[in-house]
Amino acid sequence: MLDESNGISSYRLCDPHCRHGRLCNPRPFHNFARSWLKNNEPLVECQGCGFSDRAGTLFFLDVGIAHAGVYRCQATNSVGTVRGRNATLQIAYLRPDFRPGPSSTVAILGNDVVLECIPPKGNPIPEVGWEKDDEPIEETDRLQIMEDYNLMISSVRLEDAGSYVCTAFNVAVDDPVKSSPANLTVRATPTFLVVPEDIIAEPGETVLFRCEVAGDPPPDLSWKKQTGELPVG
């Protein structure tokens, strides 16, 4: 008789002396062969795993990614073949390589910048984060980790300059995997701090036009006269 009450197909023997053909205590099978399927194919060789002849158990001594798959036990005798339900073996892992990690970037003060990160493959899918100067980044209105794991920095400030790394973590590792560091350099376009003012001078007087600028890198300063050449000396 085929019994599927527990979700796993198996045969149970019925005592012919039982009344009304009721199912009696099951008796152990004899003279049947156990085997295993992996992904619906007979599991003939399995490196790093083995079988227990007595219990029909499949065991793994040193489980690896190659062992991942869908397994199913089957038993065969002269009457027929029965198969158990599918059992899926997933292997937790996290590769160390980012594809790619962030690259060093120069940003202009006040502009937006995106640092790219494609995290390594892993199972389960890793959680992705970012660090700046070895400190975790907390998201704000200006600093946001996008759905594609890139880091968006809006309205870049001078204090945003530093060393950034992308991190990935899942249950397969004790500590997050980190990308190579990428440096963000913030530059500022030249800005006038003091501009020349109109002056009325008498002949022979000394005249001084003041001009101050700021920028990163420090800008070169030059003078031009609207008409004619600059005075010498």
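The values are calculated or read from the model by the stated rules, or taken from the named source; none is laboratory data. The structure presented is a predicted model; accordingly, all values stated were derived computationally and were not measured. Note that we place each Cβ from the backbone using ideal geometry, even for glycine, and neighbour counts take in every protein chain shown.
Candidates in segment 47-57 are the residues that are modelled with pLDDT under 80 and part of a loop (DSSP other than H, G, I, E, B); of these, the one that is nearest to residue 72 (Cα to Cα) is 56. One residue stands out in segment 198-220 among those that are surrounded by 10 or more Cβ atoms within 10 Å (Cβ to Cβ) and of a type in the set (A, V, I, L, M): the one that is nearest to residue 185 (Cα to Cα), namely 214. Applying the condition of being more than 18 Å from residue 118 (Cα to Cα) and modelled with pLDDT of 95 or more to segment 160-174 and asking which residue is surrounded by the fewest Cβ atoms within 10 Å (Cβ to Cβ) yields 162.
Residues that are in a loop (DSSP other than H, G, I, E, B) and in contact (Cβ under 8 Å) with a residue 60 or more places away in the chain within segment 199-221 are absent altogether. Taking each residue of segment 172-196 that is closer than 18 Å to residue 136 by Cβ and looking for partners that are among the basic types (Lys, Arg) and surrounded by fewer than 17 Cβ atoms within 10 Å (Cβ to Cβ) with beta-carbon atoms closer than 9 Å, six or more apart or interchain, yields 177/95. Of the residues examined, residue 147 is one that is without any contact (Cβ under 8 Å) to a residue 12 or more places away in the chain and under 17 Å from residue 117 (Cβ atoms).
Residue by residue, here is whether (1) of a type in the set (A, V, I, L, M); (2) touching a Gly at 6+ places or on another chain (Cβ under 9 Å); (3) closer than 30 Å to residue 68 by Cβ; (4) modelled with pLDDT of 95 or more holds:
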{"site": "152", "(1), (2), (3), (4)": "yes, no, no, yes"}
{"site": "188", "(1), (2), (3), (4)": "yes, yes, no, no"}
{"site": "197", "(1), (2), (3), (4)": "no, no, no, no"}
{"site": "206", "(1), (2), (3), (4)": "no, no, no, no"}
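For segment 51-85, a residue qualifies if it is of a type outside the set (A, V, I, L, M), on the phi < 0 side of the Ramachandran plot and either surrounded by 15 or more Cβ atoms within 10 Å (Cβ to Cβ) or not assigned by TED's automatic domain parsing to the domain that holds residue 36 (or both), and the qualifying residues are 51, 67, 71, 72, 73, 74, 83, 84.
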